[in-house]
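Each remark here refers to the structure printed beneath this line.
The values are calculated or read from the model by the stated rules, or taken from the named source; none is laboratory data. Computed from a prediction, not measured in an experiment: that's the story for all the values here. Note that each Cβ is placed from the backbone with ideal geometry, even for glycine, and that neighbours are counted across all protein chains shown.
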Amino acid sequence: MLIHDMEEILVNEEELRETIQKLGKQLTEDYKDKNPIVICILKGAVFFMTDIVRAMDCPLEIDFMDVSSYGDAFESSGEVKILKDLDQSVKGRHILLVEDIIDTGRTLSHIVELFKHRQAASVKIVALLDKPDRRVVSIRADYTGLQVADKFVVGYGLDYCQGYRNAPFIGVLKEEIYK
Ligand code: PRP
Ligand code: MN
Ligand code: MG
């Protein structure tokens, strides 16, 4: 069982639901007249994406981008690769980027610049988790679920070597698993 590999449960299912409902209310208010394109940054944000758009009670479109900076390694490589781009133009559109976590900030700063260059009307970020202690590039989310300490977290989309994404909670991985 996945839970046996956890040192502790950081965010349980109930806390995830509450956090996302709260973010959804704020986003509904802010985007009700904007018909935004809500963009999921694969793969980590996939579960957060499906929950956050259903917590937004307003017209919107969804799209997906696959960007990778970590690969299968434990530490960020510092290199951001676009593996799958959008299928449409974003010129003049309001963009809401959905991320599971901001760590060094490299992935998002790269994508934000890209959308500004493509002349989006606005580019904002909603991140479920934020690890401010780890920042290398200065960037902050416009909407943040929870701040977390610098521990290796997995579950609800977040992986270690592509595993644990399907855990319905967010947990801290036992050191013996990755050492
Ligand atoms: C992880 C996470 C964020 C990014 C955050 O993705 O999902 O997208 O790293 O790190 P950063 O702030 O240091 O850029 P990863 O590159 O591991 O790909 P994945 O989403 O497919 O797991
Ligand atoms: Mn990711
Ligand atoms: Mg990853």
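Under 8 Å between Cβ atoms, which residue pairs at least 6 apart in sequence (or on different chains) link something in the stretch 63-86 that is more than 14 Å from LEU114 (Cα to Cα) and among the aromatic types (Phe, Trp, Tyr) with a partner that is at pLDDT 90 or above and in a loop (DSSP other than H, G, I, E, B)? Taking only residues 6 or more apart or on different chains, the pairs are PHE64/LEU86; PHE74/PHE152.
Among the conditions (1) farther than 27 Å from GLU15 by Cα; (2) more than 16 Å from ligand 2 (Cβ to nearest atom); (3) acidic (Asp, Glu), ASP30 misses just one, which is (1). Of the candidates VAL112, VAL80, VAL67, VAL98, the single residue that is modelled with pLDDT of 95 or more, within 11 Å of ligand 2 (Cβ to nearest atom) and either acidic (Asp, Glu) or surrounded by 12 or more Cβ atoms within 10 Å (Cβ to Cβ) (or both) is VAL98. Against the numbered list (1) within 12 Å of ligand 2 (Cβ to nearest atom); (2) outside any loop (DSSP other than H, G, I, E, B), GLY44 comes up short only at (2). In the stretch 85-117, of all residues being within 15 Å of ligand 3 (Cβ to nearest atom) and charged (D, E, K, R), the one that is nearest to GLY157 (Cα to Cα) corresponds to ASP100.
From the list VAL172, VAL123, the one residue that fits, being among the aliphatic types (A, V, I, L, M), within 21 Å of SER68 (Cα to Cα) and not in a loop (DSSP other than H, G, I, E, B), is VAL123. Of the candidates ASP133, ASP159, the single residue that is away from ligand 3 (no atom under 14 Å from the Cβ) and either among the charged types (D, E, K, R) or without any contact (Cβ under 8 Å) to a residue 40 or more places away in the chain (or both) is ASP133.
Here's the yes/no breakdown for (1) under 19 Å from LEU173 (Cβ atoms); (2) more than 18 Å from the chain's Cα centre (by Cα); (3) of a type in the set (Lys, Arg); (4) away from ligand 1 (no atom under 16 Å from the Cβ):
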| site | (1), (2), (3), (4) |
| --- | --- |
| MET1 | yes, yes, no, yes |
| LEU27 | no, no, no, yes |
| LYS34 | no, yes, yes, yes |
| THR50 | no, no, no, no |
| GLU61 | no, no, no, yes |
| ASP66 | no, no, no, no |
| GLU79 | no, no, no, no |
| LEU83 | no, no, no, no |
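Is it fair to say VAL112 is in a strand (DSSP E or B) and out of contact with any Asp or Glu (no Cβ under 8 Å at 6 or more places or on another chain)? Working first, answer last.
Details: in a strand (DSSP E or B): no; out of contact with any Asp or Glu (no Cβ under 8 Å at 6 or more places or on another chain): yes.
When the stated conditions are applied, VAL112 does not pass them.
Out of the stretch 162-179, which residues are within 16 Å of ligand 3 (Cβ to nearest atom), touching a residue at least 60 places away in the same chain (Cβ under 8 Å), surrounded by 13 or more Cβ atoms within 10 Å (Cβ to Cβ) and within 22 Å of CYS40 (Cα to Cα)?
First, pick out the residues of the stretch 162-179 that are within 16 Å of ligand 3 (Cβ to nearest atom): 162-167, 170-173, 177-178.
Filter again for touching a residue at least 60 places away in the same chain (Cβ under 8 Å), leaving 162, 164-167, 170-173, 177-178.
Pick out the ones that are also surrounded by 13 or more Cβ atoms within 10 Å (Cβ to Cβ) and you get 164-165, 167, 170-173, 177.
Passing the criteria: TYR164, ARG165, ALA167, ILE170, GLY171.
Exactly one residue among ALA120, ALA141 is surrounded by 12 or more Cβ atoms within 10 Å (Cβ to Cβ), over 25 Å from ASN12 (Cα atoms) and aliphatic (A, V, I, L, M), and that residue is ALA120. For the stretch 137-156, filtering for residues that are hydrophobic (A, V, I, L, M, F, W, C), more than 13 Å from ligand 2 (Cβ to nearest atom) and in contact (Cβ under 8 Å) with a residue 60 or more places away in the chain leaves 3.
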